[in-house]
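The values are calculated or read from the model by the stated rules, or taken from the named source; none is laboratory data. Because the structure is predicted, anything quoted here is derived from the model rather than measured. Glycine gets a Cβ as well: all are built from the backbone with ideal geometry, and neighbour counts include every protein chain shown.
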Amino acid sequence: MAVRTILHYPDPLLKQLSVPVTRFDAELQQLAKDMTETMYDAPGVGLAAPQVGELKRLIVIDCSGKDNPPDLIVAVNPEIIAQEGETCEEEGCLSVPEYYATVKRFSQVTMKYQDIEGNPRQRQAEGLLAVAMQHEIDHLQGVLFVDRLSPLKRSIFRKKYQKLMKQRENA
Ligand code: NI
């Protein structure tokens with residue numbers, strides 16, 4: 001296993017559409033393992049393949065929290081097939097370091113996906129897990145959580161983020 005480099009906004013790969021996975025082979029398994037290790041190492045609660053530069057419809061999520069047993073979800077070709085309710089949670093993203101903002105999402109969702117061997121799966125979720133599923137699937141569409149902010153909030157984000165990047169360059 002290997003920890004991969006996480007791409008940061010404004011890397012153009014993060015804006016690309018990821019393609020469906022059709023081959024459930026050793027290469028896919030390796031990518032899923034690397035992504036899992038990268039997510040835990042960060043640490044984060046979710047990671048999508050384009051964040052490590054692979055434009056494939058593959059995400060990993062673990063929202064269990066550090067005091068609970070792990071609950072790793074490796075989801076290939078995930079899609080939301082049912083949703084209801086509304087929630088506004090503060091979100092962050094490993095590709096947008098040091099920036100957090102409240103985003104409106106569905107509060108309950110059902111995600112259909114395939115496991116790493118290609119078997120069909122389905123999982124219902126609410127709360128943080130439901131938010132993470134929507135956030136990670138957005139990545140496969142080239143959408144970041146900051147793209148879901150109001151135009152005003154987005155322009156504030158851009159200014160703040162440019163400042164942060166400059167600080168990091170000079171550090
Ligand atoms: Ni993210």
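Quick notes on this structure:
- Lone unmet requirement of (1) in a loop (DSSP other than H, G, I, E, B); (2) of a type in the set (Asp, Glu); (3) within 17 Å of Val45 (Cβ to Cβ) for Glu117: (3)
- Residue pairs whose Cβ atoms lie under 7 Å apart, separated by 6 or more positions or on different chains, with the first residue in region 1-21 and over 17 Å from Glu136 (Cα atoms) and the second surrounded by fewer than 15 Cβ atoms within 10 Å (Cβ to Cβ), are Val3/Asp41.
- Per-region count, region 114-136, residues among the small types (Gly, Ala, Ser) and more than 16 Å from the ligand (Cβ to nearest atom): 3
- Residue in region 85-99 that is in contact with a Leu (Cβ under 8 Å, 6 or more places away or on another chain), at pLDDT below 95 and not acidic (Asp, Glu) present: yes
- Counting only strands (runs of 3 or more DSSP E) that sit wholly inside region 25-94, those with at least 3 residues that are surrounded by 15 or more Cβ atoms within 10 Å (Cβ to Cβ) and within 14 Å of the ligand (Cβ to nearest atom) are 46-48, 58-61, 87-93.
- Only one of Lys166, Lys104, Lys112, Lys160 that is among the charged types (D, E, K, R) and in contact (Cβ under 8 Å) with a residue 60 or more places away in the chain: Lys160
- So Tyr161, is it at pLDDT below 95, hydroxyl-bearing (Ser, Thr, Tyr), part of a strand (DSSP E or B) and over 21 Å from Thr22 (Cα atoms): no
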